[in-house]
1. If the viscosity is 0.692 mPa s and the temperature 37 °C, what Stokes-Einstein diffusion coefficient in µm²/s follows for the range A:1-92 when Rh is the Kirkwood radius over Cα pairs?
2. Can you give the local net charge around A:GLY126? Use residues other than it whose beta-carbon is closer than 13 angstrom to its beta-carbon, Lys and Arg +1, Asp and Glu -1.
3. May I ask you to derive the relative contact order of chain A, considering only C-alpha pairs under 8 Å and at least 6 residues apart, and to give it as an integer percent?
4. Can you list, shortest first in nanometers, how far B:THR208 lies from the same residue in the other copies, with each label 7 Å from Cα toward Cβ?
5. Using the Cα centre of the protein assembly as shown as the reference point, and only Cβ charges (+1 on K/R, -1 on D/E), how large is the resulting charge dipole? Debye, rounded to the nearest 20.
6. May I ask which residue of A:ALA160, A:ALA149, A:THR221 lies farthest towards the positive end of the charge dipole of the range A:101-242, with charges of +1 (Lys, Arg) and -1 (Asp, Glu) on Cβ and the Cα centre as origin?
7. So if I place +1 on the C-beta of Lys and Arg and -1 on the C-beta of Asp and Glu, and nothing else carries charge, what would the dipole magnitude of the range A:108-233 be about its Cα centre? I want it in debye, nearest 20.
8. For the protein assembly as shown, what is the percent of antiparallel DSSP beta bridges, rounded to the nearest 5?
There are 2 protein chains.
Amino acid sequence: MSDFPAFVHINEEGPREGFQIEPGPIATARKIELIDALSATGLTHMQIVSFVNPRAVPGMADAEQVVAGITQRTGIAYTALWLNERGFERAVATGRLHNRGSISLCASDPFLMRNQNRTPEQQLAGQHRIVEMYKVQGIPVERGGIMAAFGCNFAGDVPAERVVSLVGQLLDIAAEHDVTLTTVGLSDTMAWATPLSIKRVAGAIRDTYPELDLSLHLHDTRGMGIANAQAGLEMGVARYDSCVGGLGGCPFAGHAGAAGNVCTEDLVFMCQEMGIDTGLDLEALIDCANLAQDIVGHALPGSVMKGGSLRRLRDKISSGSGHIG
Amino acid sequence: MSDFPAFVHINEEGPREGFQIEPGPIATARKIELIDALSATGLTHMQIVSFVNPRAVPGMADAEQVVAGITQRTGIAYTALWLNERGFERAVATGRLHNRGSISLCASDPFLMRNQNRTPEQQLAGQHRIVEMYKVQGIPVERGGIMAAFGCNFAGDVPAERVVSLVGQLLDIAAEHDVTLTTVGLSDTMAWATPLSIKRVAGAIRDTYPELDLSLHLHDTRGMGIANAQAGLEMGVARYDSCVGGLGGCPFAGHAGAAGNVCTEDLVFMCQEMGIDTGLDLEALIDCANLAQDIVGHALPGSVMKGGSLRRLRDKISSGSGHIG
């Protein structure tokens, strides 16, 4: 409880994580509707599309139209995911996105091979090339990322020392190219993390690189998402990716490996109730979660969208109107 | 992480919490089937029925038949819930239950009035009477309980000092009747707790009554169940009520106030992965969760039952057969 950050930054990824995995098809206009609604909740960072091969991810084939259709609000960084130069060029071509470079390594060699068909050496060389590409394009590179930082379905457990070593490699790559990483994101890609491993890894990185901001990308496949975020908060981690309604997978559809991201409004509820500011309007987020549920056409795993906030109950109690059942 | 208990005691309440709330009707034989399956998971405490008015809770009208039908395993304390002397007598009459007395107070006066139609003074007097009744019957009284210990839909937030004071009242009642409470259970009846309030309340009680065992009864209405259990573990709390599959409410049915209990196999998964022994067979619990889902006929909120354990993945990795997708 002692190391709680005063302010937590939420990077909303529901539109990207959610719409790329839903069997769909979901109308472009409805995607835009959700993004525009999320823009009114106080969010300052939102990943809204991915620029990937439309044959591999048909749900993102309309990425350009989505970006073109949203009503941009001042103060919000709308971002996209890309996996290669072609995707990056598509993002730049929209002229409407907050494009930032990042470099990433993977804590699991077998996952890297299966997911990106690369050896660790190829991945390392690739990150050097990508930093240079961003520099040539005048794109800042301030973030690093570690995939599968807490365990891997193909490699098993990941020791904290390995993650610390990978963070060191990321910082070395950046230094060689005269850029400075301010944030490193740890992804629990396959939902192996527990509150204990979050604390171990975050603590080990903090001990070695105290100046570095950490961010967490947590999956809720095994129900540990909010507890893992809580462990992050206790370690002072102030940056979280999350998805409204728990978009990003359907834990009820049986495709276990893909099950949902940590849920934005549940995380914001926990922060608010523990006195941590997020700058976000919880009731507006709950409305967005219900909208997202309507758009995808099936129940979403978020809890506070069903259980309701406590602020509303407190307001009713203090106004003397009692409980609403 | 420092105060983790070495062993966590799980009191399974799925059959009681689950079958009393399901719209049903659920065949008696299927209730017995689940209880018998749970008996093979290593559980040592299981609350299987409630003896309440069958007009108020039709799902428990067959409580006697359920108790009569189960195959009892040595070493398991099968218990029942009752709310009055009539219910207690029915439990005793089965001749097959582990009947223990307990006394309880409520941190919310308005909830006490709505739920039990009693003032705090009436509740206090009632607890004195009930201890005497148990003594006359030769029933040990070792447990106390505090309802709505973390907040209430009708009264709002509950300060930690109030809970400590109520624990003191419970101990005083017991002392007056020459019985000794060894455990006090804190119920987050209406899902107001956060990890921070769990730590505050558990810490305040531990500071004042260090010899007392605490147990937690957590609801997951706002998605905080596992994070709250984790906070309990960090405070050294070693006793948890939980429900297989997250039985005990259907968060997808919109009756928010009743949404599920913390899920047994998710809690056991977290404990195991953090090195805390529970004596339970996680894979067998997952099978029970799937059985429970089949019995109630709708998706249950448990996560590990969908995401799978990590032990199975580790086994596959170490046997060289890789990931199963």
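1. Approximately 236 µm²/s, per Stokes-Einstein.
2. Around A:GLY126, the charge tally is -1.
3. Contact order relative to length: 20 percent.
4. So the distances to the same position in the other copies read 4.6 nm.
5. My answer is approximately 840 debye.
6. Result: A:THR221, furthest along the dipole toward the positive end.
7. So the magnitude is around 340 debye.
8. 5
Readers should treat all values here as calculations from the given coordinates under stated rules, not as data from a laboratory. Note that the coordinates shown come from a computational prediction; the quantities given were computed from them, not determined experimentally. Ideal geometry is used to build each Cβ from the backbone, glycine not excepted, and the neighbour counts take in all protein chains shown.
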